[in-house]
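Below: one structure, written as structure tokens.
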Amino acid sequence: QITLKESGPTLVKPTQTLTLTCTFSGFSLSTSGVGVGWIRQPPGKALEWLALIYWDDDKRYSPSLKTRLTITKDTSKNQVVLTMTNMDPVDTATYYCAHSSYFDSGDFDPWGQGTLVTVSS
Amino acid sequence: DIQMTQSPSAMSASVGDRVTITCRASQGISDYVAWFQQKPGKVPKRLIYGSSSLQSGVPSRFSGSGSGTEFTLTISSLQPEDFATYYCLQHNSFAFGQGTRLEIK
């Protein structure tokens, strides 16, 4: 059974850097075709894809946010870390991580429960 | 980057109705489309992958179709538990549609 869980601060100040960790079980990021992605959702708004890292360390970023995002993996710890710089109140959202696999269909399933991050001074 | 334009943004329908939601990609993306259902306060749930494959455990009243630039999610006979928000995702270069809020008429 694949599970993922997001962790990190619930409150960050404007201009600070957000660091979120996705800890997963039931798969390995050293397995060919596997990836972990990040998606966010501001309160009452639509889903927005942020970033994705694959087993071979291939990294993809949202074009609109790529200058602010960094995604890394620690295969030994079964973790993926997303950092987002220069946080702003508009970045207030629930942040989700999700599993991806070429051998499934390449989209996102399953997802973690999400973590709400509020940006406020 | 490939954009997904989802329509309608909101709709109201009655139990038993047939409903269709559409996503149009700004470029051809083969069948790299998934559909998700999200209820308030809940994690998005995958319904359809590979444009037309039904996720295990999802009722057969849900179906997906399309290839290239136009994709549809159809609910053949709406049930009370289907009132939710639906999103398409293109996973060629990754982008979600803007969502369709499906409300009870």
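The values are calculated or read from the model by the stated rules, or taken from the named source; none is laboratory data. Predicted model only: the values in this text are computed from it and were never measured. Positions of Cβ are generated from backbone atoms using ideal geometry, with glycine treated the same way; all protein chains shown enter the neighbour counts. Please note that ligands, DNA and RNA were not included when accessible areas were found on the heavy atoms of the full protein model with its side chains. Shrake-Rupley method; radii C 1.70, N 1.55, O 1.52, S 1.80 Å.
Assorted remarks:
- Residue pairs meeting the criteria (Cβ under 7 Å; at least 6 apart or on separate chains; first in contact (Cβ under 8 Å) with a residue 40 or more places away in the chain and farther than 15 Å from B:Thr74 by Cα, in the stretch B:13-29; second open to solvent by less than 10 Å² (accessible area, probe 1.4 Å) and of a type outside the set (Lys, Arg)): B:Ala25/B:Met4; B:Ala25/B:Gln90; B:Ile29/B:Gln90
- Scanning the stretch A:66-93 for residues that are open to solvent by less than 30 Å² (accessible area, probe 1.4 Å) and part of a strand (DSSP E or B) gives A:Leu69, A:Ile71, A:Val80, A:Leu82, A:Met84, A:Ala93.
- Cβ pairs under 9 Å, 6+ apart, first in the stretch B:85-99 and more than 7 Å from chain A (Cβ to nearest Cβ) and of a type in the set (A, V, I, L, M, F, W, C), second open to solvent by less than 20 Å² (accessible area, probe 1.4 Å) and in a loop (DSSP other than H, G, I, E, B): B:Cys88/B:Gly97; B:Cys88/B:Gly99
- Filtered residue count, the stretch A:99-114, keeping only those that are open to solvent by 20 Å² or more (accessible area, probe 1.4 Å) and either modelled with pLDDT under 95 or more than 7 Å from every other protein chain (Cβ to nearest Cβ) (or both): 5
- First in the stretch A:40-64 and open to solvent by 50 Å² or more (accessible area, probe 1.4 Å), second anywhere and assigned to a strand (DSSP E or B) and at pLDDT 95 or above, Cβ under 6 Å, 6 or more apart: A:Glu48/A:Arg40; A:Trp55/A:Val34; A:Lys59/A:Ile53; A:Lys59/A:Ile71; A:Arg60/A:Leu52; A:Tyr61/A:Ala51; A:Tyr61/A:Leu69
- Residue match in the stretch A:63-77 (condition: at the interface with another protein chain (Cβ under 9 Å from one of its Cβ atoms) and not aromatic (Phe, Trp, Tyr)): yes
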